[in-house]
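Chemist: This structure is in structure tokens; I'll ask about it shortly.
The values are calculated or read from the model by the stated rules, or taken from the named source; none is laboratory data. All figures in this text were calculated on a predicted structure; none of them were measured in a lab. All Cβ positions, even for glycine, are placed from backbone atoms using ideal geometry, and neighbour counts span all protein chains on display. SASA here: full protein model, heavy atoms, side chains in, ligands and nucleic acids out. Shrake-Rupley method; radii C 1.70, N 1.55, O 1.52, S 1.80 Å.
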Amino acid sequence: MRIFQFFHRFASPREFFRIAGAMIPWFAAVTLVLLSVGLYLGLFVAPPDYQQGESYRIIFIHVPSAWMSLFVYMVMASAAAIGLIWRIKLAHVIAMSSAPIGASFTFLALVTGSLWGKPMWGAWWVWDARLTSELILLFLYLGVMALYAAFEERRTAQRAAGILAIVGVINVPIIHYSVMWWNTLHQGPTVTKFDAPSIHLSMLIPLLIMSVAFTLFYATVLLMRARWEVLEQEQRSKWVDEYLEQT
Amino acid sequence: MEGSTNSALTAFTTIFRRDIKLALRHRSELINPLAFFVIVVSLFPLGLSTDSRTLLQIAPAVLWISALLATMLSLESIFRSDYDDGSLEQLVLSEHPLSVIVLGKVAAHWCTTGLLLTLISPALAISLAFPPQNLGVLIWTLLLGTPTLSLIGSIGVALTVGLRRGGILLALLILPLYIPILIFGASAVDMSIDDLDVAGQLYLLAALLALSLTLAPFATSAALRVTLE
């Protein structure tokens, strides 16, 4: 029961604002440490690839951002569903604060994929299945953000964009497999093969560190954005006035 | 229990008949998507070349993308006029399940756009040097694909109907969701030209139709409740 009480308290905007504010510096510090360790191991310690040479090192940015692009979409859609079903204001705030971050990760995955494609495939852009479904994912994010921005009333905007995010999440696997079936050039998955990953441990460890760092980076930025959004949403409450007077 | 099933069915047929009747009274609005479809398809030979091999190569994509855009531009008519005169609010408040009413409206929309597009598509296909013996596949893909376009589109319209300038936003919302249908539809037509087996794509289109038929009305009614609040 105590955990429910904790969530109940955490879901009140005022408490969220306070707790999130206390959490951000810790999250940011761990993100910074993990990012530097991961980048150092990835860029200096990991050996060059026997086929791709040094250029494969972009994997340490490209793969975590591609993972995050999907993960953030899942978080956004789940938060939107929670917000719509249990009418929790904070869940909507989390969902809508996630959208621009997820779109940025998707954009980063596309840019790094295109930079990697130039030496590997000889072209900046090829209509490869995974790159294309990443592009469509970016369109889905842009749709959610555009719909959220189109409404004047915040509550309607949150709920309408939330419904779109949930519709999108049903479509993400369909789009992924239809595009996959349509065309593929992309190298197969190298980490998610459960029996024996076809990636060497000296490359796998920095990759995993980088993805944890990216996740924590997302958490940090999400809390910062959500805090700002809560402040704006609750601008007529007394505690916001008190807070603004203090600072 | 039986009573409620019957009343839901009555609600469906009443809405369906009403929307069909309204569409038939506005003949020009009925013709517009068809005219758009014809004009867009005929732009391609004008802009590209009249060489029949080139035309045949692009025919599946041109026919499918034009049908998709024509459907998209006609979507607003599902809810727009009802929203403007306030009858949409009455429908939302009615005792019948909103998803059934939505399904009736979408069915009427499909009969007045997707079905008609499918019926005139053979003539346009022939103009793109499409082999007549493969017209069956084209018609089947459009018959299975356009209802899905109307169903997914109804979610987008329901979300944007309260906004004054929803048009371009609607395109941004639903075009990404249309991509799988475009892929399966156009590739089935494309493969039929080379006499390959297209049963797989037709099954997938049918599966997408079944999925959207069962899920889209609920999403649309949830969206309507949000935007009409």
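Chemist: Do the conditions hold for residue B:182, that is, is it touching an Asp or Glu at 6+ places or on another chain (Cβ under 8 Å) and modelled with pLDDT under 95?
Modeler: Criteria not met by residue B:182.
Chemist: If you don't mind, another one. Starting from region A:224-247, take each residue that is within 25 Å of residue A:99 (Cβ to Cβ) and list its partners that are not in a helix (DSSP H, G or I), counting only C-beta distances under 9 angstrom and pairs at least six apart or across chains.
Modeler: A:240/A:234
Chemist: Let me ask another. Just give me the residues in region B:187-214 being among the polar types (S, T, N, Q), over 26 Å from residue B:55 (Cβ atoms) and in contact (Cβ under 8 Å) with a residue 40 or more places away in the chain, in sequence order.
Modeler: B:212
Chemist: Right, another one. Looking at the structure I just gave you, is residue B:186 among the small types (Gly, Ala, Ser) and more than 21 Å from residue A:133 (Cβ to Cβ)?
Modeler: The answer is no for residue B:186.
Chemist: Every residue in region B:199-211 that is within 11 Å of chain A (Cβ to nearest Cβ) and open to solvent by 10 Å² or more (accessible area, probe 1.4 Å), please.
Modeler: Within region B:199-211, B:200, B:204, B:207, B:208, B:211 meet the criteria.
Chemist: Would you check if there is a residue in region B:135-150 being surrounded by 24 or more Cβ atoms within 10 Å (Cβ to Cβ), hydroxyl-bearing (Ser, Thr, Tyr), farther than 25 Å from residue B:62 by Cα and within 14 Å of chain A (Cβ to nearest Cβ)?
Modeler: For region B:135-150, residues surrounded by 24 or more Cβ atoms within 10 Å (Cβ to Cβ), hydroxyl-bearing (Ser, Thr, Tyr), farther than 25 Å from residue B:62 by Cα and within 14 Å of chain A (Cβ to nearest Cβ): absent.
Chemist: Hey, can you tell me all the residues within region A:171-180 that are open to solvent by 10 Å² or more (accessible area, probe 1.4 Å) and either within 7 Å of chain B (Cβ to nearest Cβ) or at positive phi (or both)?
Modeler: A:171, A:174
Chemist: Taking the criterion of being under 14 Å from the mean Cα position of the chain (by Cα) and more than 10 Å from every other protein chain (Cβ to nearest Cβ), would at least one residue in region B:187-198 satisfy it?
Modeler: Within region B:187-198 (the criterion being under 14 Å from the mean Cα position of the chain (by Cα) and more than 10 Å from every other protein chain (Cβ to nearest Cβ)), the answer is no, since none of the residues qualifies.
Chemist: Would you check which residues across region B:14-51 are farther than 18 Å from residue B:122 by Cα and aliphatic (A, V, I, L, M) and list them?
Modeler: Within region B:14-51, B:15, B:20, B:22, B:23, B:24, B:30, B:46, B:48 qualify.
Chemist: Out of the residues in region B:154-168 meeting the condition of being touching a Phe, Trp or Tyr at 6+ places or on another chain (Cβ under 9 Å) and facing chain A (nearest Cβ under 8 Å), tell me which one is farthest from residue B:222 (Cα to Cα).
Modeler: Looking at residues that are touching a Phe, Trp or Tyr at 6+ places or on another chain (Cβ under 9 Å) and facing chain A (nearest Cβ under 8 Å), I get B:163.
Chemist: Got a sec? Which of A:202, A:211 is more than 14 Å from chain B (Cβ to nearest Cβ), under 30 Å from residue A:31 (Cα atoms), in a helix (DSSP H, G or I) and modelled with pLDDT under 90?
Modeler: The conditions single out A:202.
Chemist: Of all residues in region B:155-171 being surrounded by fewer than 19 Cβ atoms within 10 Å (Cβ to Cβ) and in a helix (DSSP H, G or I), which is modelled with the lowest pLDDT?
Modeler: That would be B:167.
Chemist: Within region A:139-154, can you find the residues that are within 8 Å of chain B (Cβ to nearest Cβ) and part of a helix (DSSP H, G or I)?
Modeler: Correct list: A:139, A:140, A:142, A:143, A:146, A:147, A:150.
Chemist: It is to be established whether one or more residues within region A:70-77 are within 14 Å of chain B (Cβ to nearest Cβ), of a type outside the set (Lys, Arg) and part of a helix (DSSP H, G or I).
Modeler: So far as region A:70-77 goes, yes, one or more of its residues are within 14 Å of chain B (Cβ to nearest Cβ), of a type outside the set (Lys, Arg) and part of a helix (DSSP H, G or I).
Chemist: Against the condition surrounded by 20 or more Cβ atoms within 10 Å (Cβ to Cβ), over 17 Å from the mean Cα position of the chain (by Cα) and part of a helix (DSSP H, G or I), how does residue B:125 come out, does it pass?
Modeler: It is true that residue B:125 is surrounded by 20 or more Cβ atoms within 10 Å (Cβ to Cβ), over 17 Å from the mean Cα position of the chain (by Cα) and part of a helix (DSSP H, G or I).
Chemist: What is the number of the single condition among (1) open to solvent by 10 Å² or more (accessible area, probe 1.4 Å); (2) among the aliphatic types (A, V, I, L, M); (3) within 11 Å of chain B (Cβ to nearest Cβ); (4) out of contact with any Phe, Trp or Tyr (no Cβ under 7 Å at 6 or more places or on another chain) that residue A:136 does not meet?
Modeler: Every condition holds for residue A:136 apart from (1).
Chemist: Within the group B:21, B:105, which residue is open to solvent by less than 30 Å² (accessible area, probe 1.4 Å) and of a type in the set (Lys, Arg)?
Modeler: Step by step, each of B:21, B:105 is checked, and only B:105 is open to solvent by less than 30 Å² (accessible area, probe 1.4 Å) and of a type in the set (Lys, Arg).
Chemist: Turning to a different aspect of this structure: Can you name the number of the only condition in (1) out of contact with any Phe, Trp or Tyr (no Cβ under 7 Å at 6 or more places or on another chain); (2) closer than 15 Å to residue B:145 by Cβ; (3) at pLDDT 95 or above that residue B:102 fails?
Modeler: Exception for residue B:102: condition (2).
Chemist: Being modelled with pLDDT under 90, of a type in the set (A, V, I, L, M, F, W, C) and under 23 Å from residue A:131 (Cβ atoms): is that true of residue A:88 here?
Modeler: Answer is no for this residue.
Chemist: Need the failing condition index for residue B:31 against (1) in contact (Cβ under 8 Å) with a residue 24 or more places away in the chain; (2) closer than 19 Å to residue B:112 by Cβ; (3) within 18 Å of the chain's Cα centre (by Cα), just the number.
Modeler: Unmet condition: (1).
Chemist: Can you find a residue in region A:72-83 that is of a type in the set (S, T, N, Q) and under 12 Å from the mean Cα position of the chain (by Cα)?
Modeler: No, the conditions are met nowhere in region A:72-83.
Chemist: Does residue A:87 satisfy the condition of being over 23 Å from residue B:154 (Cα atoms), within 14 Å of chain B (Cβ to nearest Cβ), surrounded by fewer than 18 Cβ atoms within 10 Å (Cβ to Cβ) and not polar (S, T, N, Q)?
Modeler: In short, yes.
Chemist: Sticking with this structure for a sec: Would you check which residues across region A:83-107 are β-branched (Val, Ile, Thr) and either closer than 14 Å to residue A:165 by Cα or in a helix (DSSP H, G or I) (or both) and list them?
Modeler: The answer is A:85, A:93, A:94, A:101, A:106.
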